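Just so it is clear, none of the values below were taken in a lab; they were calculated from the coordinates. Computed from a predicted structure; not experimentally measured. FYI the Cβ positions are ideal-geometry reconstructions off the backbone, even for glycines, and counts take in every protein chain you see.
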Amino acid sequence: MQFTSSIFLFLFVPFVVAVNATMPAGWRNTFLVVASIFFYAWGEPVFVLVAIASSLIDMAFAEAIVRSRAPRLRKLWLALGVSANLGLLIYCKYTGFLFDNLHALLVTMDVPRPEVILPLGISFIVFEKITYLVDVYRGVCGTARSIRDYLLFVFLFPKLLAGPILKFHEMKGQIEHHRVTINDLEEGAFRFLQGLAKKVLVADQVAVLADQVFAMPPGELGFATAWLGALAFTVQIYFDFSGYTDMAIGLARMLGFRLRENFNQPYLAVGFADFWRRWHISLSTFIRDYLYVPLGGNRVPPWRVYLNLWICFLASGLWHGASWTFVIWGAFHGLFVSADHFGMRRVWPLLPRAAGIAITFFLVVIGWVLFRSASLAQAGGFLAAMVTPWGDAPPLPWVQLDTALCLVAGLVLSFLPLGAMQHLGRRILARALPVAQQLVMLCFAIWAFGRVFTETFKPFIYFRF
C-alpha cells in the first residue's frame, strides 16, 4: 500500500488514526500490530509470513542471550541471530547480483539464474531487527515485553517501508507506555501534510525532468542537459525521501509515537562528514553504532580508521542496492569522509562557509549521478557530459515551465534556513485566529490532495531499498 494512494490517504489512515485514538489504551498496540501487518501484506502477502517468522526467531535468540551467562555463549547467540537476519537480506537482495558477477563460473556448472523478488522495505526491516539483538546483548535494554510489542516495533507501518531506521531501545518505552493526545493528532497531521506537499508538489514534478534526461543516450547529452538532469535528481531524491520521512513521522505522531528525525538540511553541509550528519541520519547512526564502533571506531591506528570508514561506506552503498553503481557511490562517499577525517576538517574552517557549501554540494551532485545511473557505463557518459562545456547541447523545448519552477523552488528551499522558516510560519499561525489556522491547513490539504488525484503516481525512491 503506497503512502500517496487514494485508498491509503482516504480509507486506511483515517480509520486507523480514529480507532487508535478512541479505543481503550490496553488494546491500542494489538490493534496497531494487526493494522500494520495488514498494511504490509497488502503489497507483500508472502514475505509478511517470513518476516513474522523471523521476528519470532529474533525473540528466541534474544531470550537465549539474556539467559546465557558465559560470554562466549552470549556472543554465539548474537552472531547466530545477526547472521540469520543478514542471510535473509543477502538471499532476497543480492542473490541475482552475486549470480551475475559469477556468471562465467556458474554457467559452466549449469546453475540456472535464481529469480528472487525483492520484498518491500527489507533493508530497513533487517537493520531494525539487528538493533534489537545487539541492544539486548549490550544490556542497553531488556527483551521485548511480549511478542505483540516486538511485532509492533518491527511492523509499525509509518516507518515500515523506508524508515527512519529505529533502534529498539529508543522505542521500547514508547511501546510499553503508549498514549495519544490531541496535540499528537494536530502536530502529526501538520507534519504529514508537509511531507505530502514535498512529495507531490516538488519531488514528483522534477522527477519528470530527471527521468527524461537520464533516459537519454549518453552520446546525445550536452553539458547543460546533463547538469539540468543531475540537479533535477538532486532535488527529487531529497524532497522525495525527506517528504516520506515527514509523512512517516507525522503518521507515527498521530498514532502516539515520536520517531527520530532523519534529515537536517543536508545540502547546507560543509564536507562529507557533515553531510552524513544531516542526510539519512538514522542510517548513518546505525552504521556508526552497529558497524563502525564494533570494528574499532577511532580507537585503532590511523590506517585501521581509514579502512573502517571504507568498509562502512561500501556497506552503505551495497545496502542501497545490488549494483556496482551503488558500490562505487559508497566508495565515493567513503573517500571524501576519509579525507575529512584525515585533514580536510581543518581546511573547511579556513574557507568562507558559502564556498564550503558550494564545493560539497558540487561533489554530492556528482555522487547522485552514480546513484541514479543504471550502469557504470551510463554514469561515465553522464559525468563526461557534465565536464565538457564545449560539447554540442541540443535544445530543451520539452522542459515545461511548471517543472522548471519546481526545480528552482526545490533548490531555493534546499538552501534556505528551514528551521527559521518553520519558526516564522508557526509564529504567524499562532497569532492568527483558530478559524484562520484551520482554513490555511484546509487549503494546504486540498492543494496537495488535488495533485494526488490529477498526477501520475510515482513510488517513493527509497521503497525499492
What is the extension gain from F223 to S375, computed as 0.36 nm multiplied by their sequence separation minus the C-alpha to C-alpha distance, in nm to one decimal?
52.7 nm
Could you give the size of the charge dipole of the stretch 184-414 about its Cα centre, using +1 on the Cβ of each K and R and -1 on the Cβ of each D and E, expressed in debye and rounded to the nearest 20?
860
In terms of the Cα gyration tensor, with a ≥ b ≥ c the square roots of its eigenvalues, is the stretch 184-414 rounded because a/c is under 1.5, prolate because a/b exceeds b/c, or oblate?
oblate
Over all directions, the average projected area of the alpha-carbon convex hull for the stretch 6-178 comes to how many nm²?
12.2
If you put +1 on each Lys and Arg Cβ and -1 on each Asp and Glu Cβ, how big is the dipole of the chain around its Cα centre, in Debye rounded to 20?
1620
Spelling out what I want: for every residue of the stretch 40-52, take phi, set θ = phi - 60°, compute 6.51 cos²θ - 1.76 cosθ + 1.60 (Karplus), and round to whole Hz; glycine and proline get x.
6, 5, 4, x, 9, x, 8, 5, 4, 5, 5, 5, 5
Calculated from DSSP H runs of 4 or more alone, at -39500 (n - 2.57) each and per residue, what is the 222 nm mean residue ellipticity of the chain, nearest 500?
-22000 deg cm²/dmol
Residues Q400 and H169, FRET efficiency given R0 of 41 Å [Cβ-Cβ distance, rounded to 0.05]:
0.30
Sorted by Cβ neighbour density within 10 Å, fewest at the top, the residues I65, I281:
I281, I65
Under 1.5 on a/c is rounded, so check that first for the stretch 271-360, then, if it is not, pick prolate when a/b is larger than b/c and oblate when it is not; a ≥ b ≥ c are the square roots of the alpha carbon gyration tensor eigenvalues.
oblate
Would you please give the FRET efficiency between A21 and T388, computed as 1/(1 + (r/R0)^6) with r the Cβ-Cβ distance and R0 = 56 Å, to the nearest 0.05?
0.45
Which of W310, W77 has the fewest other C-beta atoms within 10 Å, and how do the rest follow up to the most?
W310, W77
Give me the extension gain from M1 to A215: residue separation times 0.36 nm, minus the current Cα-Cα distance, reported in nm with one decimal.
74.3 nm
With +1 on the Cβ of every Lys and Arg and -1 on the Cβ of every Asp and Glu, and nothing else charged, how large is the dipole of the stretch 6-178 about its Cα centre, in debye rounded to the nearest 20?
660
Within the set of other residues whose C-beta is less than 15 Å from the C-beta of F326, count the net charge using Lys and Arg as +1 and Asp and Glu as -1.
+2
Taking N as the residue count of the chain, its alpha carbon Rg divided by 2.2 N^0.38 Å gives 1.02
Along the charge dipole of the stretch 6-178, Cβ charges K/R +1 and D/E -1, which of F97, L118, L161 sits furthest on the positive end?
L161
Roughly what would the spin-label model give for V140 and L291, points 7 Å off Cα along C-beta, in nm?
1.6
Please work out how much length the chain gains when fully extended from L102 to F10, using 0.36 nm per residue of separation minus the C-alpha to C-alpha distance, in nm with one decimal.
28.4 nm
Report the residues of the stretch 175-219 in range of a label on A409: point 7 Å along Cα→C-beta, backbone N strictly under 17 Å from it.
193-210
Per-pair calculated FRET efficiency, R0 = 22 Å: V347 and W303 via Cβ, rounded to 0.05:
0.55
For the residues C443, C92, what sequence is obtained by ranking on other C-beta atoms within 10 Å, fewest first?
C443, C92
Quick one: what are the phi-derived ³J(HN,Hα) couplings along the stretch 65-80, Karplus 6.51/-1.76/1.60 with θ = phi - 60°, whole Hz, x for glycine and proline?
5, 5, 7, 7, 9, 6, x, 5, 5, 4, 5, 5, 5, 4, 4, 5
